[in-house]
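The values are calculated or read from the model by the stated rules, or taken from the named source; none is laboratory data. Remember, predicted model here, so these are calculated numbers, not experimental data. Heads up, the Cβs are rebuilt from the backbone with ideal geometry, glycines too, and the neighbour counts pull from every protein chain shown. Heavy atoms of the whole protein, side chains included, go into the accessibility calculation; ligands, DNA and RNA do not. Shrake-Rupley method; radii C 1.70, N 1.55, O 1.52, S 1.80 Å.
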Amino acid sequence: MSDAATPRLSLPYVAAGQAQKHVTVNEGLARLDGLVQPCVVSRTLTDQPPAPADGAMWIRPAAATGADWAAAPAHSLMRFEAGAWEAIAPSAGFTAWIADEG
């Protein structure tokens with residue numbers, strides 16, 4: 001067992017005696033917001049969106065372009081929040097609604 005994060009969703013643990021616990025808790029809540037009943041915009045868009053809404057997600061296709069998308073592994077869930085992209089590696093059993101496919 002990791003002392004830093006949960007094994008399945010990589011939610012950060014709050015360490016005993018940790019300063020600024022709200023940062024860790026908020027990071028975990030933001031990750032849950034994206035992973036519980038996820039809805040992705042598309043899994044075929046190859047160009048990194050220039051101005052996505054906070055919380056928007058895509059599945060990164062194999063041939064992706066853009067500074068953040070090109071650096072992430074193919075088929076990652078690409079989640080945007082607070083001006084930054086987070087690449088989330090899907091685990092076995094993940095399902096998502098793909099909006100542009102219905």
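Brief remarks follow.
- Length gained when the stretch A84-K21 is fully extended (0.36 nm per residue, less Cα-Cα span): 20.6 nm
- Degrees between helix 21-35 axis and first principal axis of the chain (Cα, 0 to 90, nearest 10): 30 degrees
- Rounded to the nearest 20 debye, dipole of the chain from Cβ charges on Lys, Arg, Asp, Glu: 240 debye
- Selection of trypsin sites (Lys or Arg not before Pro), segment 10-52, meeting DSSP coil and at most 16 other Cβ within 10 Å: R43
- Probe 1.4 Å, protein heavy atoms only - accessible area per residue of the chain in square angstrom: 62 Å²
- Computed [θ] at 222 nm, helices only, for the chain once each DSSP H run of length n ≥ 4 contributes -39500 (n - 2.57): -6000 deg cm²/dmol
- Chain lengthening between A53 and A70 when straightened (0.36 nm per residue, less Cα-Cα): 4.2 nm
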